[in-house]
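S.K.: First, the structure itself, so that you have it in front of you.
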Protein chains: 2
Amino acid sequence: MKRKSVDHMPCPVARSLERVGDWWNILVLRDAFYGVRRFDDFQASLGIATSTLARRLDSLVDSGLLERRLYCQRPPRYEYVLTETGRDFRPVMLALLAWGNRHFAPEGPSVELADRATGARIDPVFVDRLTGRPVTDAYVVAGPAASDALRRRFDDMRGPSARLEDPPASIEHKRHSTKENDG
Amino acid sequence: MKRKSVDHMPCPVARSLERVGDWWNILVLRDAFYGVRRFDDFQASLGIATSTLARRLDSLVDSGLLERRLYCQRPPRYEYVLTETGRDFRPVMLALLAWGNRHFAPEGPSVELADRATGARIDPVFVDRLTGRPVTDAYVVAGPAASDALRRRFDDMRGPSARLEDPPASIEHKRHSTKENDG
């Protein structure tokens, strides 16, 4: 299951995914967010083989998302807790939860978010930290550390295509001329 | 590479991940958000084999995240555009981008988000859609469609452990007594 690494890519999405690997790792992180810390509890929750779970926990420790912590000396027993980097993965988890509830829960949500103080249900949406404005018309730009190649790529994409969302229908049908292969 | 399906799990995170599979699929989606639509452009961006890319695009079409659209009749050529479900994946992508910039870009960000109207850089944070309050003290609760088993599980986790974030240090070290195996 060795896969091509994307760590050489400057893209922050690629580098992030490199740390969480496939989705089983994300389910381990999900359980860690829910408060699971011990091997047996992870296993009971996920229903995967001991060796597979051990490998996943090790890889999340190696990536710096979980920390292995001794909680019993005789015999030595470890638990797994989120590091700061791991805790910062929380918005990704919230976004996945909201997306799943919206599109893949035809019977209604079985898991929801609630505000601890009020108990009210929460529907998370992104706003800009500084201005509080909804992030609806954002686009990607080259940052200070971008290579020249990346800069050119983003310049090429400037305009409706770099919006991080689908362009409106009026723009959508203008680009039909280029001849390209379809796999 | 056939993996165990998690689609029977009621968890919306698990169901979401089932749709995007491993992280190469998410990179395909990333490019779709950046405006890439054609096979050759995906391939130039991702540098993966034709057959692999074709399989990934097919799986994203099957999962309802991309739509295959004829853009040239002779010869028949297709492009791949985000469906509504695919576009709704955007917050996950934004969260991954922000996380990557925060933790895995020691040289500084090479990709950033900017507001289309003002050009100002955007730092996305989650707030509740209704109240506008930051989502900092949210916890997961059983939703209307939760099974009895899931309800019990969340009841067990009630309290600091179901916060979707690490409990404060004062709470963190109280649970050391249960004896469990470590893999």
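S.K.: Would it be correct to say that A:Arg90 is free of Cβ contacts under 8 Å to residues at least 12 places away in the same chain and not hydrophobic (A, V, I, L, M, F, W, C)?
M.R.: no
S.K.: Same structure again: Among the residues of segment A:62-103, write down those that are more than 7 Å from every other protein chain (Cβ to nearest Cβ), surrounded by fewer than 17 Cβ atoms within 10 Å (Cβ to Cβ) and under 17 Å from the mean Cα position of the chain (by Cα).
M.R.: Scanning segment A:62-103 gives A:Gly64, A:Glu84.
S.K.: Also, I was wondering about something else. Hey, does segment B:86-94 have a residue that's within 27 Å of B:Glu18 (Cα to Cα) and either of a type in the set (Asp, Glu) or at pLDDT below 90 (or both)?
M.R.: Yes, because at least one residue in segment B:86-94 is within 27 Å of B:Glu18 (Cα to Cα) and either of a type in the set (Asp, Glu) or at pLDDT below 90 (or both).
S.K.: Name the single residue that is farthest from the chain's Cα centre (by Cα) among those in segment B:109-136 being more than 24 Å from A:Met93 (Cβ to Cβ), within 7 Å of another protein chain (Cβ to nearest Cβ) and aliphatic (A, V, I, L, M).
M.R.: B:Ala117
The values are calculated or read from the model by the stated rules, or taken from the named source; none is laboratory data. A quick note: this is a predicted structure, and the numbers were derived from the prediction, not measured. A quick note on method: Cβ atoms are made from the backbone with ideal geometry, for glycine too, and the neighbour counts reach across all protein chains shown.
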